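Q: What follows is a structure written as structure tokens; I'll ask about it next.
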Amino acid sequence: MPEEPMRTFTVFAGVRRLASGRLIDVALAVKARAAEEGGPILTFDDRSGSVIDLDLRGTEADITARFAELANAGDATSNVESRPDPDGAPRSRGRPKLGVIAREVTLLPRQWEWLASQPGGASQALRRLVDEARRADGGRTGMKAAREAAYRFLSALAGDLPGFEEVIRALFAGDTDGFAERMTAWPPDIRDHALKLAALT
């Protein structure tokens, strides 16, 4: 399986892009620029297009340590507060460090029986089935997720810009040229980032 691309984040102050990159780099850029910027600063997760909150308390060293801890735990996503296990127990060593995540799956008895009879057991069989489905998908799920990410980003920053509805219609219709063309008069940082999120650049 190909390696997952590095997760990136982008910061906007109004219609200007301030920084883009790893979460820790973006957080430090926001911390450095927060006093200079008069208006709100929004940080976006480039994978989902959603606005995220950053915990910027303390010094740069505090922030660096906090985000490094989250990155090591594999939890550098929506905000910087650590999320304990639901039962309050500390995370155990082993599989989570390898990227394996335990979650509940609800199946019928005959489906559990079939999984249990597969080589390697239920977990390996489920992983194989998911990987096969991803290969057979032909990129459709990724394309849908990219369009939704672009939509979330545009809804947060461009909802009041002229022609917003037409831009969104072109996005979900898969009209690449129309999507780009209808944003021609928009601030270039917003336009360029929307095209990037929609996987059209």
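The values are calculated or read from the model by the stated rules, or taken from the named source; none is laboratory data. It should be emphasised that the depicted structure is a prediction, and the values quoted were computed from it without experimental measurement. A quick note on method: Cβ atoms are made from the backbone with ideal geometry, for glycine too, and the neighbour counts reach across all protein chains shown.
Q: Among all residue pairs at least 6 apart or on different chains, which show Cβ distances below 6 Å where the first residue, located in the stretch 11-26, is buried (at least 19 other Cβ atoms within 10 Å of the Cβ) and the second is assigned to a loop (DSSP other than H, G, I, E, B)?
A: ALA13/GLU37; LEU23/ALA76
Q: I'd like the full set of residues that are among the aliphatic types (A, V, I, L, M) and either under 21 Å from ALA68 (Cα atoms) or modelled with pLDDT of 80 or more (or both), limited to the stretch 1-10. So that I can check it myself, show each step before the final result.
A: Initial filter on the stretch 1-10 (among the aliphatic types (A, V, I, L, M)): 1, 6.
Once the filter is applied, which keeps residues that are among the aliphatic types (A, V, I, L, M) and either under 21 Å from ALA68 (Cα atoms) or modelled with pLDDT of 80 or more (or both), the stretch 1-10 yields only MET6.
Q: Sticking with this structure for a sec: Within the stretch 154-177, how many residues are small (Gly, Ala, Ser) and more than 21 Å from GLY142 (Cβ to Cβ)?
A: Pass one, the stretch 154-177, residues small (Gly, Ala, Ser): 155-156, 158-159, 163, 170, 173-174.
Filter once more, keeping what is more than 21 Å from GLY142 (Cβ to Cβ): 156, 158-159, 163.
Going through the stretch 154-177 one residue at a time, the tally reaches 4.
Q: Output the number of residues of the stretch 17-58 satisfying the condition of being assigned to a helix (DSSP H, G or I) and not basic (Lys, Arg).
A: The first filter runs over the stretch 17-58 and keeps only residues assigned to a helix (DSSP H, G or I), leaving 23-33.
Subset that is not basic (Lys, Arg): 23-30, 32.
Adding up the residues that qualify gives 9.
Q: Select, from ALA149, ALA102, the only residue that is outside any helix (DSSP H, G or I) and either of a type in the set (Gly, Ala, Ser) or modelled with pLDDT under 95 (or both).
A: Details: ALA149 fails: outside any helix (DSSP H, G or I).
The match here is ALA102.
Q: Could you tell me which of the residues ALA13, ALA34, ALA27 is farther than 19 Å from ALA194 by Cα, of a type in the set (Gly, Ala, Ser), at pLDDT below 95 and over 19 Å from the mean Cα position of the chain (by Cα)? Outline the logic, then answer.
A: On the way: ALA13 fails: farther than 19 Å from ALA194 by Cα; ALA27 fails: over 19 Å from the mean Cα position of the chain (by Cα).
Of the residues listed, the single one that is farther than 19 Å from ALA194 by Cα, of a type in the set (Gly, Ala, Ser), at pLDDT below 95 and over 19 Å from the mean Cα position of the chain (by Cα) is ALA34.
Q: Here is a further query. Look at the stretch 11-41 and say how many of its residues are of a type in the set (Asp, Glu) and more than 23 Å from SER155 (Cβ to Cβ). Write out each step before concluding.
A: To start, the set of residues in the stretch 11-41 that are of a type in the set (Asp, Glu) comprises 25, 36-37.
Now narrow it down to the ones that are more than 23 Å from SER155 (Cβ to Cβ): 25, 36.
Result for the stretch 11-41: 2.
Q: Can you tell me which residue in the stretch 152-171 is nearest to PHE44 (Cα to Cα), limited to those that are touching a helix residue (DSSP H, G or I) at 6+ places or on another chain (Cβ under 6 Å) and in contact (Cβ under 8 Å) with a residue 24 or more places away in the chain?
A: PHE153
Q: Follow-up. Select from the stretch 37-63 the residues that are more than 16 Å from the chain's Cα centre (by Cα) and of a type in the set (A, V, I, L, M, F, W, C) and write down the one among them that is farthest from GLU148 (Cα to Cα).
A: First, pick out the residues of the stretch 37-63 that are more than 16 Å from the chain's Cα centre (by Cα): 37-41, 55-63.
Narrowing the set further to residues that are of a type in the set (A, V, I, L, M, F, W, C) leaves 41, 56, 61, 63.
Working: ILE41: 22, LEU56: 28, ALA61: 35, ILE63: 30 Å.
Among those that are more than 16 Å from the chain's Cα centre (by Cα) and of a type in the set (A, V, I, L, M, F, W, C), it is ALA61.
Q: Hey, among SER155, SER123, which residue is modelled with pLDDT of 90 or more and surrounded by 12 or more Cβ atoms within 10 Å (Cβ to Cβ)?
A: Values: SER123 fails: modelled with pLDDT of 90 or more.
Every option except SER155 fails the conditions.
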